[in-house]
Structures are given as C-alpha cells and as structure tokens.
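Before I ask anything, here is the structure I am working with.
The values are calculated or read from the model by the stated rules, or taken from the named source; none is laboratory data. Keep in mind that this is a model prediction, so the values were computed, not measured. Methodologically, a virtual Cβ is constructed for each residue, glycine included, from the backbone with ideal geometry; neighbour enumeration extends over all protein chains shown. All accessible areas refer to the heavy atoms of the entire protein, side chains included, with ligands and DNA or RNA removed. Shrake-Rupley method; radii C 1.70, N 1.55, O 1.52, S 1.80 Å.
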Amino acid sequence: MKYLNISRLSILSASLLLSPLTLANQPWSQDRQWLFGDWNTQRQSLAEQGYRFNFAFMNESAANLDGGYNDDSKILHASQLTLGTQLDLEKIAAWKNTQASIMLTKRDGQSLSAERIADPRTGQFSSVQEIYGRGQDWRLTQAWIKTGFLDNTLQFKIGRMGLSEDFNGSHCEFQNLMLCGSQLGKTVGSIWYNGPVSQWGANIKYQINPEWSIATGIYEINPENALENRGFNLSMDETEGALIPVELAWKPKLGIFDGLAGEYKLGAFYSTADASNIKTDSHGDIAQQANARKVHDHKSSIWFNAQQQLTSHADHPKQGLYASANFTFNDKATTAVQSSQQVAVWYKGISANRPNDSIGLGIARFDVNPRLRDRQNDMNDSNGFTAADYNNPLYVPVQHDELNLELNYSYHWSPAIMLRPNIQYVHQAGGVKQVDDAWVAGLSMRVNF
C-alpha cells in the first residue's frame with residue numbers, strides 16, 4: 001500500500017477512544033451499552049422520562065487487493081457521525097401514542113469504488129463502502145412526529161425523513177452498499193432518497209391484524225435535498241413532483257420454520273415528476289442528448305423484500321441462521337438499472353463466548369437496461385469506435401450487469417463497539433466488461449457513545 005488517508009473524524013474518534021477519561025470509565029467492558037457510560041445513571045433516568053439519545057460514529061475502510069479499473073493499491077476511509085434524540089411525547093407531554101425524532105448526520109471521507117474500482121466514466125452501481133455518498137456535509141436526516149389512533153393500529157407520521165425508514169426497508173449486516181438497506185436508493189436514486197438525505201413527507205400505516213399491515217405515503221421529489229451543501233434545505237421551491245409508495249407487509253411465524261419470525265413485503269411507487277426516456281426521442285429514434293429524448297410524466301418501480309429466521313438456539317431464541325432476499329423491478333422506459341437482486345444469509349451466535357457475533361455472506365446483482373446499451377452502442381458506432389477503442393477518452397463504455405459479493409465477520413465486543421472485517425468481490429464494476437474483477441478488503445467500525 002502506498003499511503004494511508006485517514007479522515008479527520010477517524011482521528012477524532014480514535015482520540016476519544018484512547019483518552020484517559022474514557023479509559024478510566026472502563027469502556028472495554030463487554031456489557032457496556034454506551035462507550036461514555038450511563039452518565040452517572042442520568043441517561044437511564046432520562047429514558048424513563050421519554051428522552052433517548054443516539055450518539056454514534058461509523059467508519060468503513062477499504063483497500064483494493066487486486067483488479068479494478070486502477071489496480072494501484074490504496075486504503076481509503078469513509079465515515080459518518082450521528083447525533084440524534086428520540087422523544088416519547090406520551091411521557092413528556094401526555095400525547096398518547098406519539099413519538100418524535102431529530103437526527104443530524106455528518107459524512108466524511110473518500111470512495112474506493114470511485115477512485116480505484118470503477119471506470120470514472122460510468123462509476124460503480126454499488127459501493128464497497130455503503131456509508132459513503134450524498135455529499136460530505138452535515139445533514140438534517142430526521143425531524144418528524146408520529147402519532148397513533150384506534151388503539152395505535154392506525155399510525156400517521158409527518159416531517160423530514162428518508163423513504164427507507166418506512167418503505168422498502170431491509171437489514172444492514174454488510175459493508176457493501178447493495179447488501180445494506182433499501183435497494184431503491186441505489187437503482188432509482190435520482191428520485192428515491194434514503195438517509196442521510198431527508199425530504200418533506202407524510203405516511204400512514206394501518207395494522208390490519210398482528211401479522212398484516214398496509215402503508216402508503218406522499219413525499220416531495222426535490223433534487224435540492226440531495227446536493228452536498230443543502231443538508232438543511234427546508235424549502236419546497238424546487239420540488240418537481242411527488243413520490244407515492246404503497247407497501248403490504250406480512251409478519252408470520254411459519255410452522256415450516258418452527259414458528260420463527262419472518263417479514264415479507266410487496267410494494268410499489270408512482271412518481272409524478274417528469275422523467276426522460278433512457279433511449280429514444282418522441283419519434284422512437286435513438287437520441288444521444290438527454291434534452292432531445294422523450295419526456296414521460298411519471299416513473300414507477302415494484303419491489304419484494306423477505307427476511308426470515310431459519311433456526312434458533314433453545315436458550316437464546318434470537319440466535320441462529322437468518323436469510324433475506326430483495327428484488328426491485330424498475331420502469332424500463334426511464335431507468336438505467338431495470339432490476340436488482342440481492343440474497344444474503346448470516347448466522348448470529350457463533351459460540352457461547354460470542355453470543356452476539358455473526359458471520360455473513362451476501363450476493364447482489366444489477367441488471368442494466370438493454371435500452372441503455374443500445375444508446376451507448378449507437379454513440380460508439382457513430383464515432384467509428386469498437387470495443388478495441390475502450391481506452392480512447394471519447395469511447396462510451398457499454399454497460400452490462402454488475403455483481404457484488406461479501407463475506408464478513410461481525411465482532412461485537414459490547415453493545416457499544418462493533419468491528420466487521422470483510423472480503424468483497426466486484427464483478428464488472430459499473431457493468432463494464434473491460435474493468436477487471438476486483439478483490440477488496442474492508443473493515444467497518446461502529447461506536448455508540
């Protein structure tokens with residue numbers, strides 16, 4: 001490795017971890033919930049009064065071991081600082097079944113996918129550091145209030161939030177972006193904003209019975225919210241339309257899995273913002289310039305998410321084998337990625353001595369819209385280029401599918417400290433066949449203060 005580039009937030013975190021005050025408080029205790037402790041019992045006392053706090057730092061390091069667009073090995077780091085509070089307004093103000101949340105985030109660092117793995121002309125669809133992206137700046141990530149009616153079976157939420165908080169949500173047991181959280185933020189990220197980006201929105205969820213629920217909402221589509229220096233944008237002046245999601249969720253305890261809990265979600269969204277055709281103009285001819293392509297008055301996607309616990313320990317029911325599967329199907333007329341697939345398994349409770357540790361294996365694939373390839377091939381043909389001209393700066397890389405795989409071990413020293421070493425494999429970054437498949441070594445660190 002030629003050199004090490006550590007973000008200022010990483011240095012700050014290390015200094016906090018190693019400070020004499022912190023060591024004096026015995027932060028390495030394996031049952032310590034927060035690194036800075038319970039504030040002399042005040043933290044628990046505040047929680048009982050309705051005030052909960054979330055102060056956390058996460059860092060993701062990645063090094064390219066072999067392959068990629070640029071095989072010059074390098075270690076890069078991305079990080080996020082989170083400052084949040086959750087308010088139980090039933091305890092604080094006697095507002096029955098009402099909660100509120102405020103969260104600020106600050107991202108920092110560099111992307112190995114952008115600087116080493118992918119062709120800069122296309123970028124990588126996924127990222128080997130999921131915490132990187134949406135600008136290196138402070139953001140208002142949450143500012144919402146939620147209240148319940150009809151014995152809390154009907155819940156209404158309004159304010160600033162990310163879409164994946166309530167729709168297309170999934171687990172995050174991996175460092176690779178495509179194996180972590182909501183998939184739509186990766187495949188239609190120009191209109192579907194996951195955290196740390198927030199937008200104005202409102203949603204309503206009805207709990208039909210203990211197993212079944214249905215939810216819908218309406219969110220602004222405002223590109224200003226995703227800009228790096230607009231993390232506290234509250235204006236709706238640049239709103240281009242509305243995104244309306246609907247999701248049906250089923251949480252059964254199936255006999256085939258010995259009555260273990262599962263969650264299965266089927267959803268779709270409809271966007272009212274204008275969207276350019278990915279290939280053709282209004283006459284059906286291939287158009288290279290975006291402003292010459294046909295404009296559609298909507299955009300839509302469908303998704304299916306599933307997560308199921310497959311086995312458990314008799315004395316520790318939350319330990320055992322888990323599996324998940326996530327699929328998205330996007331509008332072929334307007335979307336570069338027409339579908340994505342993700343499957344993962346992880347085992348929690350490696351041994352009696354490591355009850356919270358887990359080992360995980362996941363694989364994810366992006367399927368590029370063939371209509372996009374048609375346009376790219378047409379551009380190269382018009383310039384007289386073939387695949388042999390790939391290194392010509394004017395050549396347009398032709399994109400196919402991209403595959404990401406990760407094997408990791410999550411080491412939970414305590415609820416306050418988690419380390420996750422991992423190995424990742426990236427096949428055809430950005431869907432470009434000329435980019436060598438890459439092997440990446442990663443390390444995630446999460447600290448709850």
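For every residue, the table says whether it meets (1) polar (S, T, N, Q); (2) part of a strand (DSSP E or B); (3) under 21 Å from residue 132 (Cα atoms); (4) more than 26 Å from the chain's Cα centre (by Cα).
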{"residue": "64", "(1), (2), (3), (4)": "yes, yes, yes, no"}
{"residue": "76", "(1), (2), (3), (4)": "no, yes, yes, no"}
{"residue": "79", "(1), (2), (3), (4)": "yes, yes, yes, no"}
{"residue": "82", "(1), (2), (3), (4)": "yes, yes, yes, no"}
{"residue": "85", "(1), (2), (3), (4)": "yes, yes, no, no"}
{"residue": "90", "(1), (2), (3), (4)": "no, no, no, yes"}
{"residue": "95", "(1), (2), (3), (4)": "no, no, no, yes"}
{"residue": "102", "(1), (2), (3), (4)": "no, yes, no, no"}
{"residue": "106", "(1), (2), (3), (4)": "no, yes, yes, no"}
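Looking at 240, 173, which one is open to solvent by 10 Å² or more (accessible area, probe 1.4 Å) and either closer than 21 Å to residue 336 by Cα or in contact with a Pro (Cβ under 8 Å, 6 or more places away or on another chain) (or both)?
240
Checking the conditions here, which among 81, 89, 104, 65 is in contact with a strand residue (DSSP E or B) (Cβ under 7 Å, 6 or more places away or on another chain), without any contact (Cβ under 8 Å) to a residue 60 or more places away in the chain and open to solvent by 30 Å² or more (accessible area, probe 1.4 Å)?
One residue alone meets the criteria, 104.
Next up: Does region 145-170 hold any residues that are within 12 Å of residue 98 (Cα to Cα), touching a helix residue (DSSP H, G or I) at 6+ places or on another chain (Cβ under 9 Å) and open to solvent by less than 40 Å² (accessible area, probe 1.4 Å), and which are they?
Matches in region 145-170: 147, 157.
Further, regarding this structure: So residue 245 clears everything in (1) more than 30 Å from residue 62 (Cβ to Cβ); (2) surrounded by fewer than 18 Cβ atoms within 10 Å (Cβ to Cβ); (3) at pLDDT 95 or above except one condition, right? Which one?
Of the numbered conditions (1) more than 30 Å from residue 62 (Cβ to Cβ); (2) surrounded by fewer than 18 Cβ atoms within 10 Å (Cβ to Cβ); (3) at pLDDT 95 or above, the odd one out for residue 245 is (2).
One residue is enough: does region 213-222 have a residue meeting the conditions surrounded by fewer than 17 Cβ atoms within 10 Å (Cβ to Cβ), under 21 Å from the mean Cα position of the chain (by Cα) and part of a strand (DSSP E or B)?
Scanning region 213-222 turns up at least one residue that is surrounded by fewer than 17 Cβ atoms within 10 Å (Cβ to Cβ), under 21 Å from the mean Cα position of the chain (by Cα) and part of a strand (DSSP E or B).
Also, quick follow-up: Would you say residue 136 is assigned to a loop (DSSP other than H, G, I, E, B), crowded, with 19+ Cβ neighbours inside 10 Å and touching a residue at least 60 places away in the same chain (Cβ under 8 Å)?
The answer is no for residue 136.
Quick one: is residue 60 touching a strand residue (DSSP E or B) at 6+ places or on another chain (Cβ under 6 Å), at pLDDT 90 or above and charged (D, E, K, R)?
So residue 60 fits the description; yes.
Restricting to region 282-332, give me the number of residues that are in a strand (DSSP E or B) and surrounded by fewer than 14 Cβ atoms within 10 Å (Cβ to Cβ).
Final tally of qualifying residues: 1.
So which residues in region 376-422 are of a type in the set (Asp, Glu) and either without any contact (Cβ under 8 Å) to a residue 40 or more places away in the chain or touching a His at 6+ places or on another chain (Cβ under 9 Å) (or both), if there are any at all?
381, 389, 401, 402
For region 177-198, enumerate the residues that are touching a helix residue (DSSP H, G or I) at 6+ places or on another chain (Cβ under 8 Å), crowded, with 22+ Cβ neighbours inside 10 Å and not in a loop (DSSP other than H, G, I, E, B).
Selection gives 177, 178, 184, 186.
Of the conditions (1) on the phi > 0 side of the Ramachandran plot; (2) of a type outside the set (A, V, I, L, M, F, W, C); (3) surrounded by 16 or more Cβ atoms within 10 Å (Cβ to Cβ), residue 262 clears all except one; give me its number.
Failing condition for residue 262: (1).
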